[in-house]
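Below is one structure, written out as structure tokens; the observations come after it.
The values are calculated or read from the model by the stated rules, or taken from the named source; none is laboratory data. If you're wondering where the values come from, they're calculated on a predicted model, not measured in any experiment. Cβ: placed from backbone, ideal geometry, glycine included. Neighbour counts: every protein chain shown. For accessibility, only protein heavy atoms count, side chains too; no ligands or nucleic acids. Shrake-Rupley method; radii C 1.70, N 1.55, O 1.52, S 1.80 Å.
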Amino acid sequence: MIESAPIRVLVVDDHPLMRSGLCGEINTQNDMKVVAEAADGNEAIACFRVHRPDVTLMDIRMPGMNGIEAIYAIRREFLAARFIILTTAAGDIQALRAFQAGAMGYLLKNLLRTELTDTIRLVHEGRKRIPPEVAQQMAEHAADEAITPRELDVLRAIARGKANKIVAADLNISEHTVKNHVKNILAKLNANDRTDAVMIAIRRGFIEL
């Protein structure tokens, strides 16, 4: 029998200890090996061009270019590239953006010890992997009315504690328009007030602080 070549993995995370742990776990497996590591999106692109990994583990939050931006950039050159997003957040919007970018797996960091290697194998086979709790959230909100880019601008400003008058000046719109945007945001997120809207938006992955 001819042994199949090991799955070649690129590990991208801005925390050295996390990268070390991921690499150690992967390299204990007989059917996979780490071929390169990167600490941010730009390094990930450079490493991918050199090593052409079978599967890339991509942290979603990194300084400079984030994981989703890096996936878009790599897939412009290598359409068949396969990615697994690594994240601490189970938000449905963040997951949706990741899959729209081209990710095939979405792995919560608290599940790495039990699900990392199996997820790598699934994605290498061309299959998708979504945690059940994330899939449930995506299903629950599938019919929700979308938040517009301008509403997201307002939401980010609210999250920074800005009053409507300041938001209006920053965005060059009227205070009345800001109030209407806030009203729409509360309705679309089913939020009780501005603070509740910000908490929901962070939890679901609309915005980051």
Requested in this report: Give me the accessible area per residue for region 78-209, probe 1.4 Å, as a whole number in Å².
Outcome: 53
Query - Label-to-label distance, nm, for residues given as GLN29 and LYS179 (7 Å Cα→Cβ offset) - result: 5.6
Query raised in the report: Helix 175-189 sits at what angle to the longest principal axis of the chain, using alpha carbons and giving 0 to 90 degrees rounded to 10?
Result: 50
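Take the solvent-accessible surface of the protein heavy atoms, probe 1.4 Å, and return the percent of it on the chain that carbon and sulfur atoms account for.
Of the solvent-accessible surface of the chain, carbon and sulfur hold 51 percent.
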Query - Protection-proxy order for peptides 185-198, 142-155, each taking the mean of Cβ atoms within 10 Å per residue, highest first - result: 185-198, 142-155
Requested in this report: Would you mind checking the tilt of helix 112-124 against the longest principal axis of the Cα atoms of the chain, expressed as 0 to 90 degrees and rounded to 10?
Outcome: 80
Report summary line: Quick P(r) readout (region 53-176; Cα-Cα; 10 Å bins; whole %) gives 12, 35, 29, 17, 7, 1
Requested in this report: Rounded to the nearest 10 degrees, what's the angle between the helix 194-204 long axis and the longest principal axis of the chain, both from Cα atoms, 0 to 90?
Outcome: 20
Report task. Once every Cα of region 15-102 carries one equal point scatterer and solvent is ignored, give the base-10 log of I(q)/I(0) from the Debye formula at q = 0.11, 0.26 Å⁻¹, two decimals. Result -> -0.29, -1.47
Requested in this report: Would you mind estimating how fast region 24-66 diffuses translationally, via Stokes-Einstein at 4 °C and 1.567 mPa s with the Kirkwood radius over Cα pairs, in µm²/s?
Outcome: 115
Query raised in the report: Along the three principal axes, how long is the chain when you take its alpha carbons, biggest first, rounded to the nearest angstrom?
Result: 72, 32, 30
Report summary line: Lys pairs in the chain with Cα under 26 Å (8 or more apart in sequence, or on separate chains) total 10
